[in-house]
Amino acid sequence: MSFSIKKQGEVVVVDVEGQLIVGNRQELKQKVLDELEKGEKKFLIDFSQTGYIDSSGLGVLVSLSKKIREQGGELRLANLNVDLQTLFELTKLDTLFQISDTRERALESF
Amino acid sequence: MAASRVAFDLRIPSDVDYIEGVVELASQRCRELKFPPSKCSLNVPVALSEALSNAILRGNVGAGGKQVRVRAIIDDHSLVFEVVDEGPGFDLDASTKDCTTDENITREEGRGLFLMRKLMDRVESFQQEGNVVRLTLRRA
């Protein structure tokens, strides 16, 4: 499991490879916060290579969303598979985040 | 009553880095038993991950030297996981919060037990040589 970060235009794109769970959520949080501190405002997390997310992982997304908004930025999500969509629906987090089917649509939405 | 058998019985150190390996093993057993794919890729991984992280971080309070036992018991109709920690236990109903309310949805914590109960057919917590959380997932 790992996170890769790259810039596409003005958007910082984070790929979550593997799981987003209690054992690695702090790593994701720190990587995004580091970019936020550098002045980045637009963030996209792409889950096309993600297995499952636990409650700690969901919590980190909520926390990052708040922190990014506080700095005048935006966090968007893309490429949730059917299982992840179910997870977001169960927790109603699909109402809290702007979620796109593809990375391209998400990038266009900023 | 259907005959049951133990699919695995492990003791792991109280360390969250061990969760992923146990969850992978559990998902593999789920697939071998030909449970519906989403139960093996969503229900089992997330619910078991929650039970294990609760046991490690809350039951054993992250203390080194302690262990968590996890057993999987299968029969024709269901897959049961028992996660045992060395803590005093907790009141399952009182500890489960509805994380979907306006008040709770923006909180970072508090989705673990909610998800366990949504994703499993039955969740029980009781004392028996430690604090046991038992998760039951029916095939259909």
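If you take the residues of segment A:61-77 that are basic (Lys, Arg) and in contact with a helix residue (DSSP H, G or I) (Cβ under 7 Å, 6 or more places away or on another chain), which of them is nearest to the other protein chains (Cβ to nearest Cβ)?
Per the criteria, the residue is A:Lys67.
So A:Thr95 ticks every box in (1) closer than 22 Å to B:Arg111 by Cα; (2) away from chain B (no Cβ under 14 Å); (3) out of contact with any strand residue (DSSP E or B) (no Cβ under 9 Å at 6 or more places or on another chain) but one. Which box is left unticked?
In the conditions (1) closer than 22 Å to B:Arg111 by Cα; (2) away from chain B (no Cβ under 14 Å); (3) out of contact with any strand residue (DSSP E or B) (no Cβ under 9 Å at 6 or more places or on another chain), A:Thr95 misses (2) alone.
Can you give me the number of residues within segment A:1-60 that are of a type in the set (Gly, Ala, Ser) and more than 9 Å from chain B (Cβ to nearest Cβ)?
Qualifying residue count for the region: 6.
For segment B:34-58, what are the residues that are more than 9 Å from chain A (Cβ to nearest Cβ) and of a type in the set (Gly, Ala, Ser)?
Passing the criteria: B:Ala47, B:Ala51, B:Ala55.
Name the pairs: first residue in segment B:5-20 and within 13 Å of chain A (Cβ to nearest Cβ) and within 14 Å of B:Ala63 (Cα to Cα), second residue of a type in the set (Lys, Arg) and surrounded by 15 or more Cβ atoms within 10 Å (Cβ to Cβ), Cβ to Cβ under 6 Å, at least 6 apart or on different chains?
So the pair list comes out as B:Ser14/B:Lys66.
Checking B:Val61 against (1) free of Cβ contacts under 8 Å to residues at least 40 places away in the same chain; (2) in contact with a Gly (Cβ under 9 Å, 6 or more places away or on another chain); (3) part of a helix (DSSP H, G or I), which test does it fail?
Evaluating B:Val61 over (1) free of Cβ contacts under 8 Å to residues at least 40 places away in the same chain; (2) in contact with a Gly (Cβ under 9 Å, 6 or more places away or on another chain); (3) part of a helix (DSSP H, G or I) leaves (3) as the failure.
Please state which one of B:Glu124, B:Glu108 is without any contact (Cβ under 8 Å) to a residue 40 or more places away in the chain, surrounded by fewer than 18 Cβ atoms within 10 Å (Cβ to Cβ), away from chain A (no Cβ under 12 Å) and touching a helix residue (DSSP H, G or I) at 6+ places or on another chain (Cβ under 9 Å).
Every option except B:Glu124 fails the conditions.
For residues that are more than 23 Å from B:Gln28 (Cα to Cα) and of a type in the set (S, T, N, Q), scanning just segment A:73-95, find the one that is nearest to the chain's Cα centre (by Cα).
It comes out as A:Asn79.
Quick one: A:Glu70 ticks every box in (1) closer than 30 Å to B:Ala26 by Cβ; (2) surrounded by fewer than 21 Cβ atoms within 10 Å (Cβ to Cβ) except a single one, so which number is it?
It fails just one condition, (1).
Read-outs: derived from the displayed coordinates by stated rules, not from any lab. Bear in mind that the values here come from a model prediction, so they are computed numbers and not experimental data. Because the Cβ atoms are built from the backbone with ideal geometry, glycine has one as well, and the counts that use them run over all protein chains shown.
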